[in-house]
Every structure is written in structure tokens, then in C-alpha cells.
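Following: one structure in C-alpha cells, then a few remarks.
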Amino acid sequence: MRRGELYRVRRPPEDTKPARAFVVVSRQSLIDSTHSTVVCAPVFTHWHGLPTQVPIGADEGLKHESAIQCDGLASLEKSRLSDYVGELGPEKLRALDEALVVALALPGTKRSRR
């Protein structure tokens, strides 16, 4: 499992859909640890052009044009992330980082990925 990978999660918590795609956003050191959960951002098929949303689609393994919603972060058990969909390329990962900075109201300074 790597940061920026997309997984389809069956019966996601607090969601009415039977399945939803999520993007792993945790730092790689947490993903590689024995910690049982990772932070993920949900993917929805609607997009409103907000700075906390990242448009994605077929290039990332999805069937429909969609958007990562960084305002809806969730902690998910790693074991639930078993249905691999695809991954974000370098440009989309940068866009994800920018959307997370806005969503979490972080200072917009450059940070190293750890």
C-alpha cells in the first residue's frame, strides 16, 4: 500500500453507498508501520470546483470523472483497503497536497514528504 493509491471500500462507515473509492493520504511511514489504520479521502462523482477537491478519472483507474474530497477525511482500517483501483500520478499527488493544505488550514509552506 502506498500514499496516493485508490481503493474501493465496501460499506464505508457513515456512507449510504454500498461501496466508495478512497485515496490513501497518510504519510508513507505510517502506512508502512504496524498501525492498523490510515487516513483516506473519499472520492465522489460530483465536483464543485472547490480548492479542497482534486478531479480524477480514467487515468487513475476510475470508470467516471470524479473528485477527491479532502474535506471528508476518514481513518480506515488497512484491512478494508483490499480492492485496488489505481493510483495518482505525480501531478495529481501535488494537487492532493495542495488540497490538503487548504482543507486543514495549514500554512502553505513547502514541506518534505516523510
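Looking at (1) touching a residue at least 12 places away in the same chain (Cβ under 8 Å); (2) of a type in the set (A, V, I, L, M, F, W, C); (3) buried (at least 17 other Cβ atoms within 10 Å of the Cβ), which is the one condition that is false for VAL101?
Failing condition for VAL101: (1).
Of all residues being part of a loop (DSSP other than H, G, I, E, B) and in contact (Cβ under 8 Å) with a residue 40 or more places away in the chain in the range 36-67, which is nearest to GLY86 (Cα to Cα)? Just the residue, please.
At the first step, the residues of the range 36-67 found to be part of a loop (DSSP other than H, G, I, E, B) are 36, 45-52, 57, 61-65.
Add one more test, that the residue is in contact (Cβ under 8 Å) with a residue 40 or more places away in the chain, and what stays is 36, 51-52, 61-62.
Working: SER36: 22, PRO51: 23, THR52: 21, GLY61: 5, LEU62: 8 Å.
Going through the qualifying residues, I end up with GLY61.
Out of the residues in the range 46-60 that are surrounded by fewer than 17 Cβ atoms within 10 Å (Cβ to Cβ) and modelled with pLDDT of 95 or more, which is farthest from GLY4 (Cα to Cα)?
Ranking the candidates gives LEU50 first.
Does LEU93 satisfy the criteria of being aliphatic (A, V, I, L, M), surrounded by 15 or more Cβ atoms within 10 Å (Cβ to Cβ) and assigned to a loop (DSSP other than H, G, I, E, B)?
Working: aliphatic (A, V, I, L, M): yes; surrounded by 15 or more Cβ atoms within 10 Å (Cβ to Cβ): yes; assigned to a loop (DSSP other than H, G, I, E, B): no.
Considered against the rule, which asks whether it is aliphatic (A, V, I, L, M), surrounded by 15 or more Cβ atoms within 10 Å (Cβ to Cβ) and assigned to a loop (DSSP other than H, G, I, E, B), LEU93 comes out as no.
Determine whether LEU76 is assigned to a loop (DSSP other than H, G, I, E, B) and over 10 Å from the mean Cα position of the chain (by Cα). Break it down into steps so the answer makes sense when it comes.
Details: assigned to a loop (DSSP other than H, G, I, E, B): no; over 10 Å from the mean Cα position of the chain (by Cα): yes.
For LEU76, the condition - assigned to a loop (DSSP other than H, G, I, E, B) and over 10 Å from the mean Cα position of the chain (by Cα) - is not met.
Quick one: in the range 22-51, of everything that is among the hydroxyl-bearing types (Ser, Thr, Tyr) and under 19 Å from PRO12 (Cβ atoms), which residue is farthest from the chain's Cα centre (by Cα)? Break it down into steps so the answer makes sense when it comes.
Looking only at the range 22-51, we keep the residues that are among the hydroxyl-bearing types (Ser, Thr, Tyr), and these are 26, 29, 33-34, 36-37, 45.
Still in the running and under 19 Å from PRO12 (Cβ atoms): 26, 36-37, 45.
Values: SER26: 9, SER36: 17, THR37: 14, THR45: 14 Å.
Among those that are among the hydroxyl-bearing types (Ser, Thr, Tyr) and under 19 Å from PRO12 (Cβ atoms), it is SER36.
The values are calculated or read from the model by the stated rules, or taken from the named source; none is laboratory data. Keep in mind that what you see is a predicted model, and the values were worked out from it rather than measured. Glycine gets a Cβ as well: all are built from the backbone with ideal geometry, and neighbour counts include every protein chain shown.
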